[in-house]
Amino acid sequence: MSDYLLLLLSTALVNNVILVKFLGLCPFMGVSSKIDSALGMGMATTFVLTLAAACCWLVENLMLAPLGLQFLRILAFILIIATLVQFTEMLVRKVSPGLYQVLGIYLPLITTNCAVLGIPLVSASSKAGFAVALLDGFGSSLGFTLVMVLFAGLRERLALADTPALFRGSPIAFVCAGLLAVAFMGFAGLGGL
Amino acid sequence: MLMTVMPLTALGLALGFLLGGAERLLRVPRDELEEELLKMLPGSQCGQCGYIGCAGAAQALAKGEAPLTLCPPGGRAVAQALAERLGVEMNLADMPDDVPRVAQVLEHLCIGCTRCFKVCPTDAVMGAAKQLHQVFGDACTACGKCQAICPTEAIQLTPVAPSLLTWGWERPLATREV
């Protein structure tokens with residue numbers, strides 16, 4: 001049990017998908033100007049990434065590995081992720097139109113989020129078990145959401161701050177992202193990881 | 001070779017059928033009226049009506065929240081079609097009945113600022129920074145967004161000159177008044 005907790009902690013904080021592995025940087029810069037939209041993007045990504053980790057593990061271990069077709073991983077995983085995103089969109093539209101209104105524009109964007117492809121690829125090549133792959137996906141997306149919301153909060157404050165004209169807008173955001181990444185490096189070694 | 005192609009094909013087919021099934025199962029009953037109205041609108045999502053794209057406009061029209069004359073690029077033709085579909089009697093005489101128009105770049109005024117092709121909803125303006133911009137007439141819906149944003153008034157909406165394919169007899173004067 002404590003192993004799984006440690007795994008969650010490790011994927012969410014120590015090996016944070018955005019600030020340590022540098023995956024999923026486009027939504028990190030693109031959808032982080034408001035906390036609300038950052039949270040929406042984070043939740044949609046959490047849902048898709050967790051499902052994608054599970055589905056990709058199944059396809060990898062039930063189809064690709066027995067047939068010796070591991071070199072088709074990227075192709076097969078992209079297919080699965082695109083289907084999942086479409087399916088999620090339909091499901092959300094049916095189950096909760098309110099949430100669809102909020103997430104609507106962010107849902108299709110997840111298809112091109114490299115974190116969603118990267119996490120299943122890494123866990124497939126490390127030959128992890130199903131539970132580990134699932135937790136890896138879930139923990140990473142939790143870390144993704146956390147960093148998105150943190151960074152959106154920073155940017156909301158930055159928008160009000162009196163920054164030098166040279167740094168106004170995106171440049172200060174990039175500087176800030178770098179500092180945040182340095183701060184997350186401080187988690188290295190947490191819990192003996 | 002076959003062993004590589006077949007599993008991927010099977011996977012693609014399976015996922016395709018899955019999505020198709022889900023689409024049927026999870027279909028949201030959409031308003032038929034809304035769909036029909038959406039088809040009547042130009043579909044260039046220019047946003048001049050104030051709604052988010054043509055879908056938003058169709059939604060508002062179906063609810064009766066928006067005036068039928070909301071679509072500037074559609075002009076009188078679209079307003080008339082909408083009125084017919086919604087069964088509303090309307091006097092559209094004071095709505096300008098424009099001939100089809102198309103945006104045109106005045107080459108002596110264009111400074112190549114690239115603002116116009118950034119706002120174009122149909123990607124009909126082509127160009128690069130500090131180069132003359134050009135309009136693709138086929139793609140232009142004459143929504144006028146580029147005209148509004150141009151800092152040097154270098155874009156004009158000019159009527160499309162009738163060609164052999166588009167020319168027709170003028171309607172008799174007696175029928176023009178509604």
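The values are calculated or read from the model by the stated rules, or taken from the named source; none is laboratory data. The shown structure was predicted, so the numbers you read here are calculated from the model rather than taken from an experiment. Counting neighbours? That spans all protein chains shown, and the Cβs are built from the backbone with ideal geometry, glycine included. Just the protein is used for accessible areas: all its heavy atoms, side chains included, with ligands, DNA and RNA removed. Shrake-Rupley method; radii C 1.70, N 1.55, O 1.52, S 1.80 Å.
Things worth noting here:
- Only residues that are facing chain B (nearest Cβ under 7 Å) and buried (at least 18 other Cβ atoms within 10 Å of the Cβ) were counted in segment A:91-104, giving 1.
- Number of positions in segment A:31-64 that are within 19 Å of A:Ile119 (Cβ to Cβ) and outside any helix (DSSP H, G or I): 1
- Which numbered condition B:Cys54 fails, given (1) in a loop (DSSP other than H, G, I, E, B); (2) in contact with a Pro (Cβ under 8 Å, 6 or more places away or on another chain): (1)
- Search result, residues across segment B:16-47 that are assigned to a loop (DSSP other than H, G, I, E, B) and either open to solvent by 50 Å² or more (accessible area, probe 1.4 Å) or basic (Lys, Arg) (or both): B:Arg27, B:Pro29, B:Arg30, B:Asp31, B:Pro42, B:Gln45
- Candidates A:Gly143, A:Gly118, A:Gly139 - the one that is of a type in the set (Gly, Ala, Ser) and either open to solvent by 50 Å² or more (accessible area, probe 1.4 Å) or out of contact with any helix residue (DSSP H, G or I) (no Cβ under 6 Å at 6 or more places or on another chain) (or both): A:Gly118
- In the set A:Met63, A:Met29, only one residue is more than 11 Å from chain B (Cβ to nearest Cβ) and at pLDDT 85 or above; that residue is A:Met29.
- Residue in segment B:48-69 that is in contact (Cβ under 8 Å) with a residue 40 or more places away in the chain, out of contact with any Phe, Trp or Tyr (no Cβ under 6 Å at 6 or more places or on another chain) and away from chain A (no Cβ under 14 Å) present: yes
- The set of residues in segment A:161-188 being touching a residue at least 40 places away in the same chain (Cβ under 8 Å) and in a loop (DSSP other than H, G, I, E, B) consists of A:Phe187, A:Ala188.
- Segment B:7-25, residues that are more than 14 Å from A:Leu84 (Cα to Cα) and at the interface with another protein chain (Cβ under 9 Å from one of its Cβ atoms): B:Pro7, B:Leu8, B:Ala10, B:Leu25
- When residues of segment A:32-47 are limited to those that are farther than 13 Å from A:Phe138 by Cα and either buried (at least 19 other Cβ atoms within 10 Å of the Cβ) or within 14 Å of chain B (Cβ to nearest Cβ) (or both), the one nearest to the chain's Cα centre (by Cα): A:Met41
- Of the residues B:Leu109, B:Leu165, B:Leu173, B:Leu82, the single one that is modelled with pLDDT of 85 or more and open to solvent by 30 Å² or more (accessible area, probe 1.4 Å) is B:Leu109.
- Screening A:Ala152 with (1) at pLDDT 90 or above; (2) within 14 Å of chain B (Cβ to nearest Cβ); (3) closer than 22 Å to A:Asp36 by Cβ gives one miss only, at (2).
- Output for segment A:48-60, where each listed residue is within 15 Å of the chain's Cα centre (by Cα) and either over 17 Å from A:Ile110 (Cα atoms) or within 11 Å of another protein chain (Cβ to nearest Cβ) (or both): none
- A:Val132 being open to solvent by 50 Å² or more (accessible area, probe 1.4 Å) and among the aliphatic types (A, V, I, L, M): yes
- Taking the conditions (1) in contact with a helix residue (DSSP H, G or I) (Cβ under 9 Å, 6 or more places away or on another chain); (2) surrounded by 14 or more Cβ atoms within 10 Å (Cβ to Cβ); (3) without any contact (Cβ under 8 Å) to a residue 60 or more places away in the chain; (4) outside the structural domain of B:Cys46 (by TED's automatic domain parsing) in turn, B:Lys145 satisfies each one other than (3).
- For segment A:158-179, the criterion of being of a type in the set (A, V, I, L, M, F, W, C), open to solvent by less than 40 Å² (accessible area, probe 1.4 Å), over 13 Å from the mean Cα position of the chain (by Cα) and closer than 24 Å to A:Phe47 by Cα is satisfied by no residue at all.
- Test result for B:Pro29, in contact with a Pro (Cβ under 7 Å, 6 or more places away or on another chain) and either within 14 Å of chain A (Cβ to nearest Cβ) or of a type outside the set (Lys, Arg) (or both): no
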